[in-house]
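Worksheet for the structure shown next.
None of the figures in this text is laboratory data; all of them are computed from the coordinates on show. Quantities reported herein were computed from a predicted structural model and do not represent experimental measurements. Ideal geometry is used to build each Cβ from the backbone, glycine not excepted, and the neighbour counts take in all protein chains shown.
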Amino acid sequence: MTLFEVARVGVSVEGRRLLEDVSLTLDAGELVGVVGPSGCGKTELLRTLGALRDPDSGAVRVGGRAPSELSFPVWRRRVTYVAQRPVMLDGTVRENLHRPSRYASVGATPDEDELRALLERLALAPAVLDQVARKLSVGEQQRVALIRALGIRPSVVLLDEPTSALDPEATARVEDLVRARAQTDGLAAIIVSHDPEQRARWTSRRLDLSAHRARGTGTARHG
Amino acid sequence: MADGGVIPLGPVELAIAGGLVLVAGAVSLALRLKLEHKLGVAALRTVVQLLLVGYVLEWVFRIQSPLVLFAVLGLMTAAAGRAALARSSRTFAGAQLGAFVTLVLTGLTTTFAVTGAIIGVRPWYHAQYVIPLLGMVLGNSLTGISLSLDAVLTDLDEHRERIEMELSLGATAWEAARDSLTDSARRGMIPILNSMTVVGIVSLPGMMTGQILQGASPLEAVKYQIVVMFMLAASTSLGCMSVTLLVVRRVFNERHQLRTERILRR
């Protein structure tokens, strides 16, 4: 059964049309890679799918429901965008990982054992839990941000170059973790990656945005 | 003067006070600060503006018309709203009206609470009490509001990534903006908290000084000053809180999306 559906979505930035007619369906456990030349709107597409901005046309649905039917915070808890540049809040890594439990749409506090297990899976020592998050390297922060997002148990993650600051070892660990969650929990992912080898080994399908670039500005294609 | 009361000042006394400005002018000349001209204009403005206000207040107090009184209060509030925005580095559409409504709701209600319920003036909108009290309330609130407004707009504008990170993990607009909101409200309240802490130790407040000069007993003047400080604390904190809430309502849409393009830099 289709978990996530993107139907003829168009994306504009500041009145300039970037993408049009982007369509995609994902089943539970599916990993899809997104490709396209830089500046074509990959990040804006992910932000649109994460309902951080509105599409200018088309629709998105998770489990058959639109963001407005679920409420936007609930949508984002289910379809979670993880930015390329990790953002850490003041305080320790543990405080960062616990942050979402404050939100009404999330509620549950993450399990300490599970957090430790996740950190270890991503080659981070459990001791980082008590370190100041902003003092970690970007690569470490990128992994903490991924754990923070997986901690709210989304159905779909939208990963924007999730391994851009990682060495090959850590990259492989991140790929393994997402793959394992896909197999055990049916997590689906849309992943922007510039590395063709990574896409080949990590994702089963690809969405090529060069076929959806808007021609001219402000004109929608019909038909 | 032994029996207290106001000592009336005549033209001669005011002229002597003018001599004090000449001292400042002489300093400027001696040190070549080239401020004599500005000083002269400023002194003239002080005289003209205060005399005008004096005449207007005399008239307003004398005619005792609620209509005129409320027109004056409206003008004062509008001017305070403008001043609050003028100091902010960022603004948003509707900020002017928002600041005005905030000041009306927080400033006028606290002032009338004091004149009606605490001082017990009859009628509660007695111009002689309402106008000076509202003036103090507005002066303090506008400082607080402009600090809070600037802080919350700057924070939301500069920390879009942090706020969107929280939104993308399931936070509502309010949950994502909470840190910005509390920081900004706190920022606006610091000046009034500082002045509450040092009041009487570092300086005697103007109103209390005025009452003592008029011959009031210091203890009576102190009681008034306590009421005034509490009134200023209440109105400033309400003002800071309301204006930050207003900004969050304006800068997020109903779909819990942050619209930083609604924040206008200047």
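Relative to the compact-globule estimate of 2.2 N^0.38 Å, the Cα radius of gyration of segment B:1-63 comes out at 1.50. Applying D = kT/(6 pi eta Rh) to the protein assembly as shown, where Rh is the Kirkwood radius over alpha-carbon pairs, T corresponds to 4 °C and eta to 1.567 mPa s, the Stokes-Einstein value obtained is 48 µm²/s. Rounded to whole Å, the principal axis extents of the Cα atoms in segment A:2-212 read 47, 39, 34, largest first. For A:A189, the residues whose amide H sits under 5 Å from its own are A:E30, A:L31, A:V32, A:V157, ignoring neighbours fewer than 5 places away on the same chain, with H placed 1.01 Å from N. In percent, rounded to a whole number, the relative contact order of chain A is 32, using alpha-carbon pairs under 8 Å and six or more apart. Between B:Y55 and B:I119, the simple label model (points 7 Å from Cα in the Cβ direction) yields a spacing of 2.6 nm.
Rounded to the nearest 10 degrees, what's the angle between the helix A:168-185 long axis and the longest principal axis of chain A, both from Cα atoms, 0 to 90? With rounding to tens, the tilt is 80 degrees. Could you tell me the center-to-center distance, by alpha carbons, between segment A:148-180 and segment A:60-82 in angstrom? What the calculation gives is 20 Å, centre to centre. Rounded to the nearest Hz, the phi-derived 3J(HN,Hα) couplings of segment B:219-233 under the Karplus curve 6.51 cos²θ - 1.76 cosθ + 1.60 (θ = phi - 60°) are 5, 5, 4, 5, 4, 4, 5, 4, 4, 5, 4, 5, 4, 5, 4, where x marks glycine and proline.
Residue-wise HN-Hα couplings along segment A:3-8, as the Karplus relation 6.51 cos²θ - 1.76 cosθ + 1.60 with θ = phi - 60° gives them from phi, are 8, 10, 10, 10, 10, 6 Hz; Gly and Pro carry x. Residues whose amide H falls under 5 Å from that of A:T92, counting only those 5 or more places apart or on a different chain, are A:A133, with hydrogens built in the peptide plane. A helix-only calculation puts chain B at -24500 deg cm²/dmol for mean residue ellipticity at 222 nm, using -39500 (n - 2.57) for each DSSP H run of at least four residues, averaged over all residues.
Counting, for every residue in B:157-168, the Cβ atoms of other protein chains within 10 Å of its Cβ and taking the mean gives 6.
Each Cα pair under 8 Å and six or more residues apart adds its sequence gap; the mean of these over the residue count of segment B:66-265 is a relative contact order of 31 percent. Largest GNM mean-square fluctuation across A:G64, A:G36, A:G186, computed for chain A with C-alpha springs under 10 Å, falls on A:G64.
Over all projection directions, the Cα-based convex hull of segment B:66-265 averages an area of 12.5 nm². Summing charges over neighbours of A:G58, with a neighbour being any other residue whose Cβ is under 9 Å away from its Cβ, gives -2 when K and R count +1 and D and E count -1.
Over chain A, dividing the summed -39,500 (n - 2.57) contributions of all DSSP H runs of at least 4 residues by the number of residues returns a 222 nm mean residue ellipticity of -9500 deg cm²/dmol. Taking every DSSP bridge with both residues inside the protein assembly as shown, close to 55 percent are antiparallel. Once the C-beta distance of B:L193 and B:A26 is scaled by a Förster radius of 51 Å, the resulting FRET efficiency is 0.85 to the nearest 0.05. The 3J(HN,Hα) values that the Karplus relation (6.51, -1.76, 1.60; θ = phi - 60°) gives for segment B:28-40 are, in residue order, 4, 5, 4, 9, 6, 7, 6, 9, 4, 5, 4, 4, x Hz. Gly and Pro appear as x.
Give the separation of the Cα centroids, segment A:94-141 to segment B:26-95, in Å. With segment A:94-141 and segment B:26-95 each reduced to a Cα centre, they are spaced 55 Å.
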